[in-house]
Amino acid sequence: MKPQSAFWTVLLVLILVLPAHAAESDCPTCATAGISAADISAYPEPSVKPLVVNTSLLYDRWYQRVNGAVPVFDAPNGHLLRTIDDGFNFVTVLGTQDGWAQINAGEWVRTIDLTDSTSVVSHFTGVLLPEESLPYPMAWALINMYPSRIPGGRPSESNRLVYRYTRLNLYASTEVEGETWYQVGVDEWVHQHHVAKILPQARPVEVDTERWISIDLYEQVLVAYVGDRPVFATLVASGQSIWPTNEGIYNIYFRRTRKDMSGGKVGNDYYYLEEVPWTMFFDEGRALHGAYWHDGFGYRRSHGCVNLAITDAHWLYNWVADAMGTKASADKEIGPVVYVFSSGQY
């Protein structure tokens, strides 16, 4: 079972110190079964190919966070046009002039009302999967951590420091007090909550497109398939419990390279996001898309959409575009199936 603790709380912890089930010296019943050092040295890391970070896409817009309710003018020191309501709001700035920022043609705001968020843009990328199955399941580390020397033990600084987003082999697993621990190296064990693993799915009978996508809400992992073969996998950030990403089988029906998005209620959960990149709608207003406003992949944090790092979203957008079919209506096309499910319970 995954915890529902807020992502930011976890991310602020540089090195995880778990309340251990057992210390290394006081757990005579903790099994240390796992594969040998020789087997680990024969396959030390997953044989996958990460996408190359596309920095030209990451920084082709100047992203800025809007600080509170902000008036918009038709020119520097000009006439008031409208107000951006208070909320989780981001704009893309076209340029600045004497303390003013142009956010759209004929729209200006004061630069003091904005905060540069360029540094937040994620450099994370997913991986291309080999034709042959991986010998061990692959996972990403979700936090910075020292693995324990035994399953159920305390983090050990004698082990390497594993950084967030590190790709790991899950060589073996065992249960300690009903929770799963994974072996990720010689005398290195990590708790199930601190990794997100790739779980390729058998093709559901309802999937009627050659290219299709699975989204595991429990692991927060997306996998793209051609036929029965998984070809790409990455971390996502899906909807929070109060704004869920719904389980089910859908088709991508509408795409845009850039799309303004807004929703929620002013004073509560309102958001306005300009030029959301590489959007692929599949369930009413829910879409797969790039996210430039956070680096929280592997955790639920959206209003129902499925957030991806920008490099991943661009790759997936092009992969989906190659498979879009005949238009079913003026705006809707028949695209690859999106299969949303959960392999576990939060």
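The values are calculated or read from the model by the stated rules, or taken from the named source; none is laboratory data. Because the structure is predicted, anything quoted here is derived from the model rather than measured. Heads up, the Cβs are rebuilt from the backbone with ideal geometry, glycines too, and the neighbour counts pull from every protein chain shown.
Just one of the listed residues (Lys265, Lys259) is part of a strand (DSSP E or B), among the basic types (Lys, Arg) and in the same structural domain as Tyr317 (by TED's automatic domain parsing), and it is Lys259.
Within the stretch 262-281, if we keep just the residues that are hydrophobic (A, V, I, L, M, F, W, C) and touching a residue at least 24 places away in the same chain (Cβ under 8 Å), the residue that is surrounded by the fewest Cβ atoms within 10 Å (Cβ to Cβ) turns out to be Val266.
Taken residue by residue, the stretch 145-163 has no member that is closer than 22 Å to Val48 by Cα, of a type in the set (S, T, N, Q) and touching a residue at least 24 places away in the same chain (Cβ under 8 Å).
So that you can scan it fast, the table gives a plain yes or no per residue for (1) modelled with pLDDT under 95; (2) touching a Gly at 6+ places or on another chain (Cβ under 6 Å); (3) polar (S, T, N, Q):
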position: Lys2; (1), (2), (3): yes, no, no
position: Thr9; (1), (2), (3): yes, no, yes
position: Leu12; (1), (2), (3): yes, no, no
position: Ile15; (1), (2), (3): yes, no, no
position: Leu18; (1), (2), (3): yes, no, no
position: Thr29; (1), (2), (3): yes, no, yes
position: Ala33; (1), (2), (3): yes, no, no
position: Val52; (1), (2), (3): no, no, no
position: Thr55; (1), (2), (3): yes, no, yes
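Residues in the stretch 272-296 that are part of a loop (DSSP other than H, G, I, E, B), within 28 Å of Ile334 (Cα to Cα) and modelled with pLDDT of 95 or more: Ala291, Tyr292.
Of the residues making up the stretch 176-190, at least one is closer than 23 Å to Pro50 by Cα and out of contact with any strand residue (DSSP E or B) (no Cβ under 7 Å at 6 or more places or on another chain).
Entry remark, the stretch 321-346: residues being at pLDDT 95 or above and not in a loop (DSSP other than H, G, I, E, B) number 5 in total. Annotation note: Cβ proximity below 7 Å between a residue of the stretch 239-261 that is closer than 20 Å to Val221 by Cα and a residue that is among the aromatic types (Phe, Trp, Tyr) and buried (at least 16 other Cβ atoms within 10 Å of the Cβ) (sequence gap 6+ or interchain) occurs for Ile249/Tyr339; Tyr250/Phe282; Asn251/Phe282; Ile252/Phe281; Ile252/Phe282.
Identify all residues within the stretch 226-251 that are of a type in the set (Phe, Trp, Tyr) and more than 18 Å from Ser342 (Cβ to Cβ); write none if there are none.
Within the stretch 226-251, Phe232 is the sole residue that qualifies.
Only one entry of Thr111, Thr180 meets the criterion of being free of Cβ contacts under 8 Å to residues at least 40 places away in the same chain and in contact with a helix residue (DSSP H, G or I) (Cβ under 7 Å, 6 or more places away or on another chain), and that entry is Thr180.
For the stretch 188-210, a tally of residues being free of Cβ contacts under 8 Å to residues at least 40 places away in the same chain and of a type in the set (D, E, K, R) returns 1. Sub-6 Å Cβ pairs linking a first residue in the stretch 127-138 that is within 16 Å of Gly185 (Cβ to Cβ) to a second residue that is β-branched (Val, Ile, Thr), at least 6 apart or interchain, are Met138/Ile198, ordered by first then second residue. Please work out if Gly99 is under 30 Å from Glu274 (Cα atoms) and touching a Ser or Thr at 6+ places or on another chain (Cβ under 6 Å). So Gly99 passes the test.
Evaluate the stretch 262-270: report whether one residue or more is among the charged types (D, E, K, R), closer than 30 Å to Asp86 by Cβ and more than 15 Å from the chain's Cα centre (by Cα). Looking through the stretch 262-270, at least one residue is among the charged types (D, E, K, R), closer than 30 Å to Asp86 by Cβ and more than 15 Å from the chain's Cα centre (by Cα).
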